[in-house]
Ligand SMILES: *Cc1c(COP(=O)(O)O)cnc(C)c1O
């Protein structure tokens, strides 16, 4: 072996760098959790690019590179991180990612990932039981909710169509009904599938920003009159921008009556099935033909791992082959372990161990605790906001996603939008907190997703103080 290659694969080098890295990361986690570092060192993209283009590790140990990467990244383990919906990864699960990376089992066929493949079946069964699916349920893991939604809609198309789309292509105009507040990945999936704008039937939302399910029938009739065959309805559990759950029970009833597919996009909040306090938000989910739940959002795993569940096993096999139903009939159970026949991915991460390591080392109850704690915290923030006149809460939150804005009745809608955007940008630049923004009915709102169990009411009050202070400094600067 060439000397350089020997160096690359030297286990002793790995051991040295690895120990140094673990020391670095555990110190980092302490700093982040205690808020001793800023949540984010925001730098403009061009400056960041320049830094890495000119970067030279030189004779420094590899841990220096990792430290520089950490310093220049956002810190999701920080209790003032409350922006996008990514969980602070459970450290045990992060370690499982290291194991996955070193083993690098490709997963496509059984012998390329035997342990992780069997574990995948175990974790899928765990979740399908939680959902309340019967014994005929099945599923697998995909690389994210976006791919999960696409796969589910492909399965719906295959299951519902009379003709053999896989063989002949699409021969009729097909449509899917979905709330106008649904995550863009549903829209994108349908466009990838060739449905076009006319095949994406957006159902308006009501005051609660949830799908107006009483309109489903009207939109369905109208689509049919326009020659579009509606094959499915997608429910959001919850929608991404407001965190509000659609009425899954009503959607289920509608789909049953019309004999069409019911898909639940529970990427964020399907995890509430683990919380005895909040699982009521998911009532009706057990009727869904397919469900997506992200592990990296509300189940504490590192990115990326997603559950894609099917009520009927057959549907999880037939997506990518018109002959699968026949094959399944013939070979039956034996085929469960060759996952690539059912997924978009060929090579796939050993995702199952990210969830299984938490389950084994900490027990199932931590998933419920995580969801309950954070959804409770959403209500705590809502209450803090109500104590202050200068804030307007968009909605009574269902979950850990809370939308609100700075309010001043002397300002026009446009001035308020501009002010709220300004404040959010200042918050980002200061790096003390991380929050994002969203538009609801053309009004700009701050959007907070409480992802860290270390966040508490004092920290939330401090956020509101910061926002008020930014507003005040600007007022002074302008005068
Ligand atoms: C995040 C999210 C998605 C996309 O999932 P990824 O894992 O980011 O691909 C889809 N739907 C909803 C409701 C989401 O919140």
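The values are calculated or read from the model by the stated rules, or taken from the named source; none is laboratory data. Note that the structure is predicted; figures quoted are calculated from it, not measured. For neighbour counting, all protein chains shown are included, and Cβ atoms are generated from backbone atoms with ideal geometry for every residue, glycine included.
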Residue under evaluation residue 326, criteria (1) modelled with pLDDT under 85; (2) closer than 20 Å to residue 116 by Cα, criterion not met
(2)
Quick count over segment 220-247, residues being part of a helix (DSSP H, G or I) and in contact with a helix residue (DSSP H, G or I) (Cβ under 8 Å, 6 or more places away or on another chain), is 1
Residue check, residue 186 closer than 27 Å to residue 403 by Cα and surrounded by 15 or more Cβ atoms within 10 Å (Cβ to Cβ)
yes
Taking segment 121-139 as the search range and keeping residues that are under 19 Å from residue 108 (Cα atoms) and out of contact with any strand residue (DSSP E or B) (no Cβ under 6 Å at 6 or more places or on another chain), which one is nearest to the ligand (Cβ to nearest atom)?
123
Search result, residues across segment 205-244 that are within 16 Å of the ligand (Cβ to nearest atom) and either loosely packed, with under 14 Cβ neighbours inside 10 Å or closer than 19 Å to residue 259 by Cα (or both):
232, 233, 234, 235
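Table: residues versus (1) touching a strand residue (DSSP E or B) at 6+ places or on another chain (Cβ under 6 Å); (2) assigned to a helix (DSSP H, G or I); (3) surrounded by 14 or more Cβ atoms within 10 Å (Cβ to Cβ).
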{"position": "19", "(1), (2), (3)": "no, yes, no"}
{"position": "23", "(1), (2), (3)": "no, yes, no"}
{"position": "28", "(1), (2), (3)": "no, yes, yes"}
{"position": "40", "(1), (2), (3)": "yes, no, yes"}
{"position": "47", "(1), (2), (3)": "no, yes, no"}
{"position": "50", "(1), (2), (3)": "no, yes, no"}
{"position": "58", "(1), (2), (3)": "no, no, no"}
For segment 445-462, the count of residues that are crowded, with 21+ Cβ neighbours inside 10 Å and either within 18 Å of residue 420 (Cα to Cα) or modelled with pLDDT under 95 (or both) equals 6
Just checking, how many residues over segment 401-419 are closer than 17 Å to residue 388 by Cα and touching a helix residue (DSSP H, G or I) at 6+ places or on another chain (Cβ under 9 Å)?
6
For segment 329-346, enumerate the residues that are at pLDDT 80 or above and surrounded by fewer than 13 Cβ atoms within 10 Å (Cβ to Cβ).
346
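Yes or no, residue by residue, for (1) buried (at least 22 other Cβ atoms within 10 Å of the Cβ); (2) more than 10 Å from the ligand (Cβ to nearest atom); (3) in contact (Cβ under 8 Å) with a residue 40 or more places away in the chain:
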position	(1), (2), (3)
268	yes, no, yes
277	no, yes, yes
287	no, yes, no
290	yes, yes, yes
305	yes, no, yes
In segment 85-97, is there at least one residue being part of a loop (DSSP other than H, G, I, E, B), within 16 Å of the ligand (Cβ to nearest atom) and touching a strand residue (DSSP E or B) at 6+ places or on another chain (Cβ under 7 Å)?
yes
Go through segment 307-321 and report how many residues are within 16 Å of the ligand (Cβ to nearest atom) and more than 18 Å from the chain's Cα centre (by Cα).
0
Quick check on segment 102-114. Is at least one of its residues more than 16 Å from the ligand (Cβ to nearest atom), under 30 Å from residue 218 (Cα atoms), outside any loop (DSSP other than H, G, I, E, B) and at pLDDT below 95?
no
Note: among 258, 202, just one is more than 16 Å from the ligand (Cβ to nearest atom) and surrounded by fewer than 23 Cβ atoms within 10 Å (Cβ to Cβ), namely 258
